[in-house]
1. Using the C-alpha gyration tensor of the range 94-147, what are the square roots of 5 times its eigenvalues, in whole angstrom, with the largest one first?
2. What is the extension gain from Gln127 to Ser141, computed as 0.36 nm multiplied by their sequence separation minus the C-alpha to C-alpha distance, in nm to one decimal?
3. Would you kindly calculate the translational diffusion coefficient of the range 19-116, applying Stokes-Einstein with the Kirkwood radius from alpha carbon pairs, for 37 °C and a viscosity of 0.692 mPa s, and quote it in µm² s⁻¹ without decimals?
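Bear in mind these aren't lab numbers, they're just calculated from the coordinates by the rules spelled out. Because the structure is a prediction, the values reported are computed rather than measured.
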Amino acid sequence: MGMVTLRRRLQSLESRQQATALLRPRLLDEDWLEVFSRLGAKGWFAREPDFPRALEEYRAAIAQAKAEPEPPFDPPADYRPDLDRYERCRSWRWYRFPKVSDGWEWLVAIFTRAMRGVAPVTEVEFQELAAWFEQNADRMSKLCPSPELLDRGHERPTDTTNIRYDLRKGARSREAGELAEVLRQLRARYGDAVG
């Protein structure tokens, strides 16, 4: 391995370590917004076309939640005084502000793909892959030795039940990137239904 390649690799590992350190588990929504904004500015999500929209939706959800008088975004003083500030806020906000929680989940899914090196997937591509699967699932099952297992080619087989379950979670789930890759492999192997 050449010196330049080694230096690049070390810089990449350093950058990943810094990003992971930023993701301390006890951050509040406002802090997460800042972290994701900084990582985006550093180019972490350059391969994720939906990142700008995900970040903006999260930002807007937080702003809207803060602007609403009822319920307040921060918990009242008498709400769970036995907990520290972080636990009180997370407990108070999680179900009262679903748009904020959903926005955070989508950004974490994008971050997880970037950290694991999983190919990006947009909501549009995910919907196209889901539609393709539904149109071709029966045909693929007939072509496989076991109707429930689908042959992905060089990788281990997968089953239709788990694919359908993961498809219901949607394009914003943490499993969306891996599922999209499975569906891409199946589409490459089986193609489109004819007629």
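1. Semi-axes (√(5λ), whole Å): 32, 15, 11.
2. 3.0 nm is the gain from fully extending Gln127 to Ser141.
3. The Stokes-Einstein estimate is 232 µm²/s.
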